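Chemist: Below is the structure I would like to discuss, written out as structure tokens.
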Amino acid sequence: MGHRISHEGIITSINEDEVQVKILSKSSCGSCNIKGACNMSEMQEKIITIPTPKDKNLSIGQEVNVSMGLGQANKAVVFAYVIPLIILVAMIFILNGLKIEEGLNALISIGSLIPYYLILFLFRNRLKRRFEYEIH
């Protein structure tokens, strides 16, 4: 599985179109021996919906590996973090150049992300097809 991002998960539900897999997302310190003495460790459960593979026999409770190509993962990072950061920083500089007060500048800059996330929401089905997970 070179050049793929992979996580272990457990199948929570199956229907003819989709499989839902629960993944326990761990931070890098999640496996540390002294994480109990530290508030930095963080573990989160995430549910991923994947199109049902036709050639696999799956059952609820089965442990599986869910993977995504590294290129797709990098595109997801760009959509989730890089583009919003560019929008935010650009708005701060533009509004600063227009001599807008700092507090209002911050509010408008953060508010400028609303249309971006609305566009992502409207195109979510197209994005789902672009970012597909595979079950192994």
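Chemist: Return one whole number: the accessible area per residue of the range 64-136 in Å², for a 1.4 Å probe.
Modeler: Per-residue value: 71 Å².
Chemist: Using 0.36 nm per residue of separation minus the Cα-Cα distance, give me the extension gain between Leu118 and Arg4 in nm, one decimal. Don't jump to the answer; show the numbers that get you there.
Modeler: Values: separation 114, 0.36 × 114 = 41.04 nm, distance 2.91 nm.
Here the segment from Leu118 to Arg4 would lengthen by 38.1 nm.
Chemist: Can you list the aspartates and glutamates whose alpha carbon sits under 13 Å from that of Lys99, skipping same-chain ones fewer than 8 residues off?
Modeler: Cα-Cα hits under 13 Å: none found.
Chemist: If each residue of separation counts as 0.36 nm, what is the full-extension length gain between Ile87 and Leu104 once their alpha-carbon separation is subtracted?
Modeler: Values: separation 17, 0.36 × 17 = 6.12 nm, distance 1.61 nm.
In short, 4.5 nm is gained.
Chemist: Here's another thing I want to ask about it. At what distance in nm do the modelled label points of Asp17 and Ser59 sit from each other, each positioned 7 Å from its Cα along Cα→Cβ?
Modeler: 2.7 nm
Chemist: Can I ask one more? Accessible surface of Glu18 in the full protein assembly, 1.4 angstrom probe, to the nearest 10 Å²?
Modeler: Glu18 has an accessible surface of roughly 80 Å² with all protein chains in place.
The values are calculated or read from the model by the stated rules, or taken from the named source; none is laboratory data. All values reported here derive from a predicted model rather than from experimental measurement. Here Cβ is always computed from backbone atoms with ideal geometry, including for glycine, and neighbour counts include all displayed protein chains. Ligands, DNA and RNA are excluded from the accessible area calculation, which covers all protein heavy atoms including side chains. Shrake-Rupley method; radii C 1.70, N 1.55, O 1.52, S 1.80 Å.
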